[in-house]
Structure formats: structure tokens, C-alpha cells
1. Quick one: among Gln140, Gln166, Gln121, which has the greatest mean-square fluctuation in a GNM of the chain with alpha-carbon springs under 10 angstrom?
2. Calculate the dipole size of the stretch 83-184 relative to its Cα centre from +1 charges on Lys and Arg beta carbons and -1 charges on Asp and Glu beta carbons; express the result in debye to the nearest 20.
3. Spin-label point model (7 Å from Cα, Cβ direction): what's the Asp54 to Ser84 distance in nm?
4. Any idea what log10 I(q)/I(0) is at q = 0.08, 0.17 Å⁻¹ for the chain, Debye with uniform C-alpha scatterers and no solvent?
5. Kindly provide the helix-only [θ] at 222 nm of the chain, computed as the sum of -39,500 (n - 2.57) over DSSP H runs of four or more divided by all residues, to the nearest 500 deg cm²/dmol?
6. Select from Leu151, Leu26, Leu46 the residue whose mean-square fluctuation is largest in a Gaussian network model of the chain (Cα-Cα springs shorter than 10 Å).
7. Explain nothing, just the number: dipole magnitude of the chain about its Cα centre with +1 on each Lys and Arg Cβ and -1 on each Asp and Glu Cβ, in debye rounded to the nearest 20.
8. Ignoring ligands, DNA and RNA, how do Arg174, Arg85 rank by accessible area with a 1.4 Å probe, largest first?
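The values are calculated or read from the model by the stated rules, or taken from the named source; none is laboratory data. In this text, all values refer to a predicted model and were calculated from it rather than measured experimentally. As a convention, Cβ positions derive from the backbone with ideal geometry for all residues, glycine included, and neighbour counts pool all protein chains shown. Ligands, DNA and RNA are stripped out before the accessible areas are found, and what is left, the full protein with its side chains, is counted by its heavy atoms. Shrake-Rupley method; radii C 1.70, N 1.55, O 1.52, S 1.80 Å.
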Amino acid sequence: WDWHANGPDTIEGLAKMSMELPPNSLRFIDPGDAGRGGLKDLAYGLGNFRCAPDEAVIVELAPPRCHYWSLALGNGYCESLDWSRRQTSLNDHQARLDPDGVLRAVIAHRDPGVANWLDPQGHEQGTLFGRYLRTGSIPQPELRAVPLDALPQELPGTTARVSPAQRDGELARRFRAAQRRNRR
């Protein structure tokens with residue numbers, strides 16, 4: 001992928017480029033690539049997801065040692081989904097890594113009971129973005145679609161799970177944090 005040849009000039013171009021990548025992919029751009037725009041020390045990840053109602057997309061990533069990292073879903077126009085009331089994004093403070101140090105996030109239309117669920121809010125396809133701030137390495141995630149019913153067999157038994165009550169509590173904390181952020 002050649003950023004200089006394919007780099008977008010507009011948000012519309014960014015959305016088009018992200019959606020034209022292979023389905024269920026996320027590629028990070030080296031922050032040293034001066035032609036890619038954005039913050040100097042931030043490695044941006046651009047990609048997309050495709051997830052039917054009866055599927056789940058597993059995102060596996062061994063996050064780098066860095067100041068901050070995040071993953072976020074958007075619609076096909078690069079617009080953020082409702083991160084304040086729904087778990088449409090995760091960062092290094094919110095996500096739970098498996099004992100092997102790997103993030104296993106699951107994009108699915110209904111809550112699969114996995115701690116690192118990413119809610120696409122009914123979008124069967126959309127954009128996926130990532131960020132690594134001040135990183136010495138740029139690991140590339142792997143994404144794969146699986147039948148939703150097969151998800152328990154596709155994830156290690158050590159992947160963190162949550163109950164519906166725990167999810168409600170996490171979403172309430174997320175909303176309160178968004179309210180505090182918006183008051184500033």
C-alpha cells in the first residue's frame with residue numbers, strides 16, 4: 001500500500017480509500033512517513049470491517065509499547081459512531097489484554113459477552129481506525145470473520161468475558177466519562 005500514491009486529500013477520499021481495502025483489514029502507517037499528514041509521533045491505522053448480523057469479526061493485536069493506543073469503528077463515511085453511549089471504541093486504558101498480551105476484540109451486532117466487544121450499531125460495513133502514539137514498533141493487527149455461533153471456539157478460554165450487568169456498568173461509566181469530557 002503506497003500512501004503517497006493513494007493518500008487522500010479529503011475525508012471523502014479517506015473513507016473511499018479505507019473502504020476499498022480488502023474486507024476486514026486495518027493497516028498502520030509509519031509515523032515517519034512525512035507525506036501522510038497528521039501528528040508527527042502518531043502511527044495511524046486505516047481500514048474497514050464487514051460483519052453480517054450472524055457473524056463476528058475478531059481483531060487480534062499485540063499492542064506495542066507506546067504512550068497510547070486505540071481502535072475505533074466508524075460508518076462508511078469515516079464518521080464516528082456513538083462512543084459515549086455504546087462501546088464503539090477501545091483504548092489502552094479500557095481494553096483487557098489476554099494473558100498472552102494480545103488484544104482480542106470482537107465486532108458483532110449483538111453483545112457476545114466478550115469484554116472487548118466493539119458495537120457496530122447496526123452497520124454491516126464501516127471504517128476501522130487505530131492509533132499508536134509515540135511507538136517504537138508498528139504491529140499490524142489480524143482480522144477474521146467467523147460465524148457468531150462459533151465465537152466461543154474461536155477465542156481462547158482466557159479471553160475476558162462480561163455479564164450483561166457488567167456491560168451495563170461499563171457503558172454507564174463510559175457515558176459519565178463522556179459527560180465530564182464534554183463539560184471542559
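1. It is Gln166.
2. On the way: 17 positive and 11 negative charges, 179 e Å.
The calculation lands at about 860 debye.
3. So the two model labels end up 3.7 nm from each other.
4. Scattering profile of the chain, log10 relative to I(0): -0.24, -1.15.
5. Dividing the helical sum by the residues of the chain leaves -6000 deg cm²/dmol.
6. Greatest mean-square fluctuation among the candidates belongs to Leu151.
7. Details: 23 positive and 23 negative charges, 210 e Å.
Here the size comes out at about 1020 debye.
8. Numbers: Arg174 30, Arg85 135 Å².
Solvent-accessible surface, decreasing: Arg85, Arg174.
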